[in-house]
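Here's the structure, in structure tokens; my notes come after.
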Ligand code: XUL
Ligand code: CO
């Protein structure tokens, strides 16, 4: 059966197409920098925003019209699998991501939850085998259930820690069953409401403890997905420990997790932390920790995580430039952690929204590839740092200088020639690549 009988497979029709259900920029097989766009972009669809989000907000009831709601929670869960794979196939997305609670109801006990997960992951596996669609990552939702009020790995309650550990174990079993390429930890409640009653050291040590248990268990079951931490500064916690890429990296380094962990960076989390997306990507990239991307965008006028579909070509071009510089994003991908606005409540909007996001990333990739082949940033930076290419600069980079030798040099050259950056001219030129 089809949930979207009126929607055919979305095809690339080119920029002049007036068909809303067509790609105008994303041409999956087109080769960009030696690889097809689909291999470069590795698009994934998020189960939570696409299948379970109902459009409600703190001021309004559910609005989303979804054709897959069944009589019971389990029948809805089964229908969702069917509908989800129809969406993935029609959009030509090769990957997907989910939290445990997105795919199956929690029931009345942990055992019941695990049984429900087994039944639904059997269905998902069948669909994966039929379609060739792959699991980019799964994760355990350790933030929605009331037991996680005070954190999951960072909780003050050891029994809650055990519940979190059980969910992670099940998450890894599922990852193995479905061949997950990455496994994500987003610490929605791993932070604090008030420092007054918080033992920060114990809480952070315990987060690292749970991560180490995950590494050890992965080795035991012979399944090693790339582990990813997804930084976010706040919301729902007042302060979250994985504040941004730099903070998460410091954590990974301090607890000696660098061999197993990289970062899953989200655009709207970057802006919540007061950074651009490209800043977060650069911080991860230069530390060899760029793992995967959650694609969305915030609203500059709102201070929270609005998770809008990405349509800003400028920002996405700069993000994709980071990916190109990184030599690609695999085994990560571009996961649309994005939700349709409350006013876009029809099921077809799910297609229009993903097409917008995929076309935007396609444009970003093409722009980034052009910037790369023209050596736009390389030439700019080579010129700006030219003083390190020869003479005293080359000697500094070769670690041949010390404070005494540099003082002697400075006494003889105490009027350095300064150059303007002409940054406005640079931005004017950059616009030529984007518009
Ligand atoms: C929340 C968020 C999560 C993670 C996975 O802001 O981004 O959906 O991506 O838990
Ligand atoms: Co996310």
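The values are calculated or read from the model by the stated rules, or taken from the named source; none is laboratory data. It should be emphasised that the depicted structure is a prediction, and the values quoted were computed from it without experimental measurement. Neighbour counts are summed over all protein chains in view; Cβ atoms, including those assigned to glycine, are modelled from backbone coordinates with ideal geometry.
When segment 179-198 is filtered for residues that are farther than 16 Å from residue 227 by Cβ and either away from ligand 1 (no atom under 15 Å from the Cβ) or not assigned by TED's automatic domain parsing to the domain that holds residue 238 (or both), the ones remaining, listed by number, are 192, 193, 194, 195, 196, 197, 198. Would you confirm whether or not segment 300-307 contains a residue that is at pLDDT 95 or above and touching a strand residue (DSSP E or B) at 6+ places or on another chain (Cβ under 7 Å)? Among the residues of segment 300-307, not one is at pLDDT 95 or above and touching a strand residue (DSSP E or B) at 6+ places or on another chain (Cβ under 7 Å), which makes the answer no. Scanning segment 310-329 for residues that are in contact with a strand residue (DSSP E or B) (Cβ under 9 Å, 6 or more places away or on another chain) and part of a loop (DSSP other than H, G, I, E, B) gives 310, 311, 312, 326, 328, 329.
The set of residues from segment 37-64 being out of contact with any strand residue (DSSP E or B) (no Cβ under 7 Å at 6 or more places or on another chain), within 16 Å of ligand 2 (Cβ to nearest atom) and free of Cβ contacts under 8 Å to residues at least 60 places away in the same chain comprises 51, 52.
For segment 1-29, filtered to residues that are touching a strand residue (DSSP E or B) at 6+ places or on another chain (Cβ under 7 Å) and part of a loop (DSSP other than H, G, I, E, B), the residue that is surrounded by the fewest Cβ atoms within 10 Å (Cβ to Cβ) is 29.
Restricting attention to segment 299-309, the residues that are more than 11 Å from ligand 1 (Cβ to nearest atom) and either under 18 Å from residue 251 (Cβ atoms) or not in a strand (DSSP E or B) (or both) total 6. The residues of segment 267-282 that are more than 16 Å from ligand 2 (Cβ to nearest atom) and part of a loop (DSSP other than H, G, I, E, B), listed by number, are 274, 276.
Residue by residue, here is whether (1) part of a loop (DSSP other than H, G, I, E, B); (2) in contact with a strand residue (DSSP E or B) (Cβ under 8 Å, 6 or more places away or on another chain); (3) in contact (Cβ under 8 Å) with a residue 24 or more places away in the chain holds:
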{"site": "214", "(1), (2), (3)": "no, yes, yes"}
{"site": "223", "(1), (2), (3)": "yes, no, yes"}
{"site": "232", "(1), (2), (3)": "yes, yes, yes"}
{"site": "236", "(1), (2), (3)": "yes, no, yes"}
{"site": "243", "(1), (2), (3)": "yes, no, yes"}
{"site": "246", "(1), (2), (3)": "no, no, yes"}
{"site": "249", "(1), (2), (3)": "no, yes, yes"}
{"site": "252", "(1), (2), (3)": "no, yes, yes"}
{"site": "258", "(1), (2), (3)": "yes, no, yes"}
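Checking each residue in segment 301-322 for being away from ligand 2 (no atom under 14 Å from the Cβ), free of Cβ contacts under 8 Å to residues at least 60 places away in the same chain and touching a helix residue (DSSP H, G or I) at 6+ places or on another chain (Cβ under 8 Å) picks out 303, 311, 312, 315, 316, 318, 319, 320, 321, 322.
Residue-by-condition table, conditions (1) within 16 Å of ligand 1 (Cβ to nearest atom); (2) out of contact with any strand residue (DSSP E or B) (no Cβ under 7 Å at 6 or more places or on another chain); (3) modelled with pLDDT of 95 or more; (4) assigned by TED's automatic domain parsing to the domain that holds residue 237:
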residue	(1), (2), (3), (4)
121	no, yes, yes, yes
139	yes, no, yes, yes
144	yes, yes, yes, yes
151	yes, yes, yes, yes
156	no, yes, yes, yes
162	no, yes, yes, yes
169	no, yes, yes, yes
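Would you mind stating whether residue 338 is closer than 22 Å to residue 25 by Cα and at pLDDT 95 or above? The answer is yes for residue 338. Among the residues making up segment 34-54, those that are surrounded by fewer than 16 Cβ atoms within 10 Å (Cβ to Cβ) and part of a loop (DSSP other than H, G, I, E, B) are 34, 54.
With surrounded by fewer than 21 Cβ atoms within 10 Å (Cβ to Cβ), more than 18 Å from the chain's Cα centre (by Cα), away from ligand 2 (no atom under 16 Å from the Cβ) and under 25 Å from residue 252 (Cβ atoms) as the only criterion, which of 166, 153 stands out?
It is 166.
When 269, 279, 275 are checked against the criterion of being assigned by TED's automatic domain parsing to the domain that holds residue 205, within 16 Å of ligand 1 (Cβ to nearest atom), more than 13 Å from the chain's Cα centre (by Cα) and modelled with pLDDT of 95 or more, a single residue qualifies: 275. Which of the following residues is farther than 30 Å from residue 225 by Cβ and either assigned by TED's automatic domain parsing to the domain that holds residue 228 or within 16 Å of ligand 2 (Cβ to nearest atom) (or both): 325, 348? It is 348. Reported count of residues in segment 231-266, each being within 16 Å of the chain's Cα centre (by Cα) and within 12 Å of ligand 2 (Cβ to nearest atom), is 7.
Just one of the listed residues (363, 285) is under 29 Å from residue 22 (Cα atoms), in a helix (DSSP H, G or I), touching a helix residue (DSSP H, G or I) at 6+ places or on another chain (Cβ under 8 Å) and in contact (Cβ under 8 Å) with a residue 40 or more places away in the chain, and it is 363.
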